[in-house]
Amino acid sequence: MDVNTTEFSAPGKIILFGEHAVVYGYPAIATAIDLRAKSSVLDSSKQISTISIPDLFQKKQFELNQTPLPQELTALKFIVDSILRNFELKKNFDIKIASQIPSSVGLGSSAAVSVAMVASLSSFFGKSLNLEEINKLAHESEKIIHSFPSGIDTTISTYGGGIYYENGVIRELPFRISSAYVVIINSLIKRNTKDIVEKVKKKYEEKQNSIKEIFNNIHEIVIDAEKALIDENLPEIGKLMSLNHNSLKDLDVSHEVLDKIVNVLDKNGALGSKLTGAGGGGCVISLFDDFTKAKDAIKIMKEKNLQAFLSTFTTDGVRNESN
Ligand code: MEV
């Protein structure tokens, strides 16, 4: 690899329990998954700095001082500006972003891109940040696209593994569900996290008591889920996933297609299923205690022209890929 190149990757995530309530300070449980976003930074051959994201914009390379940049790039421009401002360094560079994580479906792709980019760009300027600093700056950038993110997405992407997250405080939750199979089903319905989080906020302001009741139910589910995960009690984890999905339906963040997917999985051997992330489309996660049943469920979902795959977890958070 070119000596003037830095390359970092960061993982996507699934929220196992507690999405939405987590924005209001309630706890949630999430784990990093083995799909990664990569950010490479290299010396620019031109007199300008650029960014390219082939997954989003094919071959287009954007000049970073070009105004206005597409909406999708404003948070990344914020990262660039923050790093340049903090380090008072001057040299031109090209950033290339590549991601295995499908975007806008609740798997944490934007957080993973932000985390990988903070790490690669700061390292390019010879100032490696520690994990806390990477997470903090990535979280600041997420605020630009998601208005008031809880911080769970950037945290899980930075640190990896399984975590219990409450009000910005992280507790490592090294659960082993090695006897289980978690299937991710992508409904392929893209949605905007910001819109759904804002819809919940509006409801919260209008009907605080009933929304708090839903959040309290989710809180109890998360507490029971922590124990079930530690005990590797698969039937209980499955039951709690289904309960959590129902609470999210009560919150009106599900989607009829997601509910149908959950029903089909229930009838085909799943121990429990739920939407993951903001909802309104995006992905469902489903728990199985049997490999054949998990494989059959994947087949059924693929026959319905959905994406479905077995998820594998990772303990690796942000990772240096340059050598
Ligand atoms: C997004 O992955 C999950 C939400 O809880 C929002 C957040 O935590 O920032 C919906």
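Any idea how many residues of region 85-120 are assigned to a helix (DSSP H, G or I) and buried (at least 17 other Cβ atoms within 10 Å of the Cβ)?
Result for region 85-120: 12.
Could you tell me whether residue 74 is out of contact with any strand residue (DSSP E or B) (no Cβ under 8 Å at 6 or more places or on another chain) and within 14 Å of the ligand (Cβ to nearest atom)?
Spelling it out, it is not the case that residue 74 is out of contact with any strand residue (DSSP E or B) (no Cβ under 8 Å at 6 or more places or on another chain) and within 14 Å of the ligand (Cβ to nearest atom).
With respect to the numbered conditions (1) without any contact (Cβ under 8 Å) to a residue 60 or more places away in the chain; (2) of a type outside the set (A, V, I, L, M); (3) touching a Leu at 6+ places or on another chain (Cβ under 7 Å), which one is the sole condition not fulfilled by residue 289?
(1)
State whether one or more residues within region 4-13 are of a type outside the set (Ser, Thr, Tyr), touching a strand residue (DSSP E or B) at 6+ places or on another chain (Cβ under 8 Å) and modelled with pLDDT under 90.
yes
For residue 142, all conditions in the list (1) in a helix (DSSP H, G or I); (2) of a type outside the set (Phe, Trp, Tyr); (3) at pLDDT 95 or above hold save one; what is the number of the exception?
Among (1) in a helix (DSSP H, G or I); (2) of a type outside the set (Phe, Trp, Tyr); (3) at pLDDT 95 or above, residue 142 violates only (3).
Six or more apart or on different chains, Cβ under 7 Å: which pairs go from a residue in region 106-124 that's in contact (Cβ under 8 Å) with a residue 12 or more places away in the chain to one that's away from the ligand (no atom under 16 Å from the Cβ) and among the aromatic types (Phe, Trp, Tyr)? Could you list them?
That search, which allows pairs on different chains as well, returns 116/8; 119/8; 120/8; 123/8; 124/93.
Show me the helices (runs of 4 or more DSSP H) found entirely inside region 176-294 where at least 1 residues are more than 21 Å from residue 165 (Cα to Cα) and within 16 Å of the ligand (Cβ to nearest atom).
Correct list: 193-206, 234-250, 256-267.
Identify all residues within region 4-31 that are more than 15 Å from residue 95 (Cα to Cα) and away from the ligand (no atom under 13 Å from the Cβ); write none if there are none.
Within region 4-31, 10, 11 qualify.
Yes or no: residue 172 away from the ligand (no atom under 12 Å from the Cβ), charged (D, E, K, R) and farther than 25 Å from residue 233 by Cα?
So residue 172 does not fit the description; no.
Scan region 156-175 residue by residue and report those that are outside any loop (DSSP other than H, G, I, E, B) and either without any contact (Cβ under 8 Å) to a residue 40 or more places away in the chain or loosely packed, with under 13 Cβ neighbours inside 10 Å (or both).
169, 170, 171, 172, listed by residue number.
The values are calculated or read from the model by the stated rules, or taken from the named source; none is laboratory data. Everything numeric here is computed off the predicted structure, so don't read it as measured data. Here Cβ is always computed from backbone atoms with ideal geometry, including for glycine, and neighbour counts include all displayed protein chains.
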